Amino acid sequence: MGDLIITAAINGAEVTRDDNPTLPLTPDEVGDEARRCEDAGASIVHLHGRHPDGTPTQDMDVFRAYFEAIRQRSFIIVQFSTGGAVGMDVEERIEALALRPEMATLTTGTCNFGDDVFENTLPAIRLIAERQRQFGVVPEIEVFEAGMLDTAIRLVEKEGVLKGPLHVDFVLGVPGAMSGDPAHLDYLVSRLPEGWTWCVAGVGRHEFPLARKALEMGGHVRVGLEDNIYLEKGVLADGTHSLVAKVAAMAAEVGRTPMTVDEARMALRVGEVRFPVG
Ligand code: KMH
Ligand code: ZN
């Protein structure tokens, strides 16, 4: 029985083929990489939409093609991004929720994102949460700043817009937002309500130090080209699967074992098998 969920963030919205030539863009590339990530120990694949030329898109047809390509190869949990790329409007970001993915992200606040702003107003957050509820999609709360955790808690406890216990991803190290200082993780985890689960996504050089800390703290881990393109300093990863394999090896050192996709479904209460419609 495993005790670790590894999420594979295989394509992102910002990383390019120039950054890492192995970036998967087409449905077949995405499907193949999802399979390799499951084989390496991942139980969730986190997806953004990309056109074959790399342009970010949240087009439902792109997500449908990705989903079908993955399902031909793997039963990994498929988590759609609702963040998309900076500057996209909210309706565009969430149109693919109508495909009823098992999981999708929900960022509970606005932050700097490099020189840009990743905007998530309270009305937008409520709209995304409502659309997720309508389509039976399990949210993963993306926390880039400490106040975003407070907002998620308030949306559960005061507004009833979200239903706990929630699964939270602490995304640390985005330039302009909360840094990858490991002390942030201690604080954030200490603020989680009883029963909530969490993982960490360390950006850039923070990926593996934060992964190691999360493994030691009993949390879960996200890695992938979306967050970091290097296997080690100066060595490009040959895909997200190698980053997943590295976390699985680190996990073994501290007595942790990756969950199967079915174990992860149980742990995250993503129990129901859903297939796309429309
Ligand atoms: N691309 C970022 C602006 C998510 O996937 O939900 C937003 C993001 C968060 O990556
Ligand atoms: Zn993302």
Handout entry: Evaluation of residue 152 against (1) in contact (Cβ under 8 Å) with a residue 40 or more places away in the chain; (2) within 11 Å of ligand 1 (Cβ to nearest atom); (3) part of a helix (DSSP H, G or I) (one fails), failing number
Key = (2)
Practice task
Tell me, please, whether a residue that is polar (S, T, N, Q) and within 16 Å of ligand 1 (Cβ to nearest atom) can be found in the range 65-79.
Solution key: yes
Problem - Residue selected from the range 132-149 under the condition touching a Lys or Arg at 6+ places or on another chain (Cβ under 7 Å) and either part of a loop (DSSP other than H, G, I, E, B) or at pLDDT below 95 (or both), by the criterion farthest from ligand 2 (Cβ to nearest atom) - result: 136
Fill in the blank from the handout: When the range 107-148 is checked residue by residue, the ones that are of a type in the set (A, V, I, L, M) and away from ligand 1 (no atom under 15 Å from the Cβ) are 122, 146
Problem - Members of the range 1-34 that are among the aliphatic types (A, V, I, L, M), within 16 Å of ligand 2 (Cβ to nearest atom) and in contact with a Lys or Arg (Cβ under 7 Å, 6 or more places away or on another chain) - result: 9, 23, 25, 34
Handout entry: Candidates 234, 224, 255, 204, filtered to the one that is modelled with pLDDT of 95 or more, small (Gly, Ala, Ser), buried (at least 24 other Cβ atoms within 10 Å of the Cβ) and at positive phi
Key = 224
Problem - Qualifying positions in the range 39-54 - more than 14 Å from ligand 1 (Cβ to nearest atom) and farther than 17 Å from residue 28 by Cα - result: 40, 41, 42, 43
Handout entry: Residue in the range 183-203 that is of a type in the set (Asp, Glu) and in contact with a Gly (Cβ under 6 Å, 6 or more places away or on another chain) present
Key = no
Fill in the blank from the handout: Residues of the range 43-62 being more than 15 Å from ligand 2 (Cβ to nearest atom) and surrounded by 21 or more Cβ atoms within 10 Å (Cβ to Cβ), in sequence order, are 43
Completion exercise
Just one listed residue, out of 182, 165, 193, is under 21 Å from residue 250 (Cα atoms) and away from ligand 1 (no atom under 14 Å from the Cβ), and it is 182
Practice task
Scan the helices (runs of 4 or more DSSP H) fully inside the range 161-278 and keep the ones with 2 or more residues being touching a Lys or Arg at 6+ places or on another chain (Cβ under 9 Å).
Solution key: 182-190, 207-217, 240-253
Handout entry: the range 219-243, subset within 16 Å of ligand 2 (Cβ to nearest atom) and over 17 Å from residue 19 (Cα atoms), residue nearest to the chain's Cα centre (by Cα)
Key = 222
Practice task
State whether the residues of the range 63-79 include one that is modelled with pLDDT of 95 or more, of a type outside the set (Ser, Thr, Tyr) and within 12 Å of ligand 2 (Cβ to nearest atom).
Solution key: yes
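The values are calculated or read from the model by the stated rules, or taken from the named source; none is laboratory data. Note that the structure is a prediction, hence the values are computed from the model and not measured. When we count neighbours, we look across all protein chains shown, and the Cβ atoms used for this are built from the backbone with ideal geometry, even at glycine.
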